[in-house]
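*Asks:* The structure is given below, and queries will be raised subsequently.
The values are calculated or read from the model by the stated rules, or taken from the named source; none is laboratory data. From a predicted model like this one, the values you see are computed outputs, not experimental measurements. Counting neighbours? That spans all protein chains shown, and the Cβs are built from the backbone with ideal geometry, glycine included.
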Amino acid sequence: MKKKDIVISILLSIFTCGIYLCIWFISLVDDFNKVTDSEGEQSGLVVFLLGFITCGIYPIYWYYKAGNKIDTVNRESGKITNNTGLFFAALSLFQLGVVNMSIIQEFINERIEA
């Protein structure tokens, strides 16, 4: 697992008309599961396919769960965070999932450095 540059990931997603966004999302879910010790959770491919089958509803739920895990990890390390899951769900409802992905990628990058 290695750090990913968020700006480059967003630019690649734009230049490939969203194809790289799908690849980034799948690897993001897998990396998030590793960083948060959630190896038993669904893989990135499963979350992506469930999102496709449910017409985008399942990723909203996954973002909500991921935000709550981020809150839990941050509380354990002494940081104060609240309602990140609701924030992620709201962003997803307004079609701003790339913002969620950027925040989660930054969280993963911080955990890789530590």
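*Asks:* Within the group Lys3, Lys65, Lys79, which residue is basic (Lys, Arg) and at pLDDT 95 or above? Spell out the reasoning first.
*Replies:* On the way: Lys3 fails: at pLDDT 95 or above; Lys79 fails: at pLDDT 95 or above.
Only one candidate qualifies: Lys65.
*Asks:* If you go through the stretch 20-29 one residue at a time, do you hit one that is within 18 Å of Asn109 (Cα to Cα), without any contact (Cβ under 8 Å) to a residue 24 or more places away in the chain and more than 13 Å from the chain's Cα centre (by Cα)? Show your work before the answer.
*Replies:* Taking the stretch 20-29 as the starting set, the residues that turn out to be within 18 Å of Asn109 (Cα to Cα) are 21, 23-29.
From what's left, without any contact (Cβ under 8 Å) to a residue 24 or more places away in the chain: 23, 26-27.
This time we only want the ones that are more than 13 Å from the chain's Cα centre (by Cα), so: none.
No, that holds for no residue.
*Asks:* Looking only at the stretch 66-78, decide whether some residue is touching a Pro at 6+ places or on another chain (Cβ under 9 Å) and among the hydrophobic types (A, V, I, L, M, F, W, C).
*Replies:* Filtering the stretch 66-78 down to residues touching a Pro at 6+ places or on another chain (Cβ under 9 Å) leaves none.
Checked the stretch 66-78: no residue is touching a Pro at 6+ places or on another chain (Cβ under 9 Å) and among the hydrophobic types (A, V, I, L, M, F, W, C).
*Asks:* Could we say that Ser13 is of a type in the set (S, T, N, Q), without any contact (Cβ under 8 Å) to a residue 60 or more places away in the chain and under 21 Å from Asn109 (Cα atoms) here?
*Replies:* Numbers: of a type in the set (S, T, N, Q): yes; without any contact (Cβ under 8 Å) to a residue 60 or more places away in the chain: no; under 21 Å from Asn109 (Cα atoms): yes.
Here the answer is no, as Ser13 does not meet what is asked.
*Asks:* Please work out if Ile108 is under 13 Å from the mean Cα position of the chain (by Cα) and among the hydrophobic types (A, V, I, L, M, F, W, C). So that I can check it myself, show each step before the final result.
*Replies:* Numbers: under 13 Å from the mean Cα position of the chain (by Cα): yes; among the hydrophobic types (A, V, I, L, M, F, W, C): yes.
Spelling it out, Ile108 is indeed under 13 Å from the mean Cα position of the chain (by Cα) and among the hydrophobic types (A, V, I, L, M, F, W, C).
*Asks:* Being in a helix (DSSP H, G or I), surrounded by fewer than 13 Cβ atoms within 10 Å (Cβ to Cβ) and of a type in the set (A, V, I, L, M) is the filter here, so list the residues in the stretch 87-114 that pass it.
*Replies:* Leu93
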